[in-house]
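Visitor: Please read through the structure below; I'll follow up with questions.
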Amino acid sequence: MSLPTLRQILELPAFAGAELLSGQAKLDSYITWVHVAEVLDVARLLSGGELVLCTGLELARATPEARVAYVRSLAEAGVGGLGLELVQGLREVPAEMLQTARMLQFPILVFRSEVRFADLTRAAHERILRPGADREEPLLESLLEALVETGRDKSFLQRQLGTVLSLPSRPRSTLLATLEALLASQFNIAETARKLGVRRQSIYYRLEQLKGMLGDLDSPERRLGLWVALELLKRPG
């Protein structure tokens, strides 16, 4: 099994509106994950191979020097590419960013109309986690089957989502839908609010509820466990 390349990620239907402006020579580089991040120092949190998505809100307020430093930091961290939505923060990629990216052969791709980052991350992560989907059983499906067949599905659900599952139907459904949207958007509050059609303050409030009931939601292992649990809930029976 092998990770998908940037070229293969861009061939996914969810990425149909993407326009690659630089880094064509890196199209065959492997993509390890997709992160939604607006902060300009995100490179220090990454391990390499990630595709970073952002609306450019912070970049629009940054100085030209800070924008150049941002692109350089991503390239030096081995990031697989930067995806910019040119709708809210930026209408065009600043010239100094594009010049730096082309000099470093760093991929910058843009969306000139509004996109749902949750849809992009979900599509990319499914491709990353199921690299051999045409040839073998998907990894996630294998894990779900193993939990069910060994009788550990109920205890797993209880460990991951226990308190939320004990709530009455309406608040349970609301919090589970919010949790799924948060996970899909890498806990991007604005994207989650947009997907669910509610105000950001509502998402902040629900997130505090979820943290109070479930504890730590920050570690990659915890988030993976919650994602698996949510998928397990969708299975019939």
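Visitor: Kindly indicate whether any position in the range 118-137 is β-branched (Val, Ile, Thr) and either more than 25 Å from Thr5 (Cβ to Cβ) or open to solvent by 60 Å² or more (accessible area, probe 1.4 Å) (or both).
Guide: no
Visitor: In the range 217-229, which residues are open to solvent by less than 80 Å² (accessible area, probe 1.4 Å) and assigned to a loop (DSSP other than H, G, I, E, B)?
Guide: Kept after step one, since they are open to solvent by less than 80 Å² (accessible area, probe 1.4 Å), are these residues of the range 217-229: 217, 219, 222-223, 225-229.
Answer for the range 217-229, where residues must be open to solvent by less than 80 Å² (accessible area, probe 1.4 Å) and assigned to a loop (DSSP other than H, G, I, E, B): Leu217, Ser219.
Visitor: Another one. Looking at (1) under 17 Å from the mean Cα position of the chain (by Cα); (2) farther than 19 Å from Leu98 by Cα; (3) not acidic (Asp, Glu), which is the only condition Arg7 fails?
Guide: Among (1) under 17 Å from the mean Cα position of the chain (by Cα); (2) farther than 19 Å from Leu98 by Cα; (3) not acidic (Asp, Glu), the lone unmet condition for Arg7 is (1).
Visitor: Take the residues in the range 1-23 that are touching a residue at least 60 places away in the same chain (Cβ under 8 Å) and part of a helix (DSSP H, G or I), then tell me which one is surrounded by the most Cβ atoms within 10 Å (Cβ to Cβ).
Guide: Ile9
Visitor: Could I ask something else about it? Restricted to the range 197-212, and to residues that are in a helix (DSSP H, G or I) and open to solvent by less than 60 Å² (accessible area, probe 1.4 Å), which residue is farthest from Gly162 (Cα to Cα)?
Guide: The residue in question is Ser202.
The values are calculated or read from the model by the stated rules, or taken from the named source; none is laboratory data. Note that the structure is predicted; figures quoted are calculated from it, not measured. Neighbour counts are summed over all protein chains in view; Cβ atoms, including those assigned to glycine, are modelled from backbone coordinates with ideal geometry. Heads up: the accessible areas ignore ligands, DNA and RNA and are worked out on the full protein's heavy atoms, side chains in. Shrake-Rupley method; radii C 1.70, N 1.55, O 1.52, S 1.80 Å.
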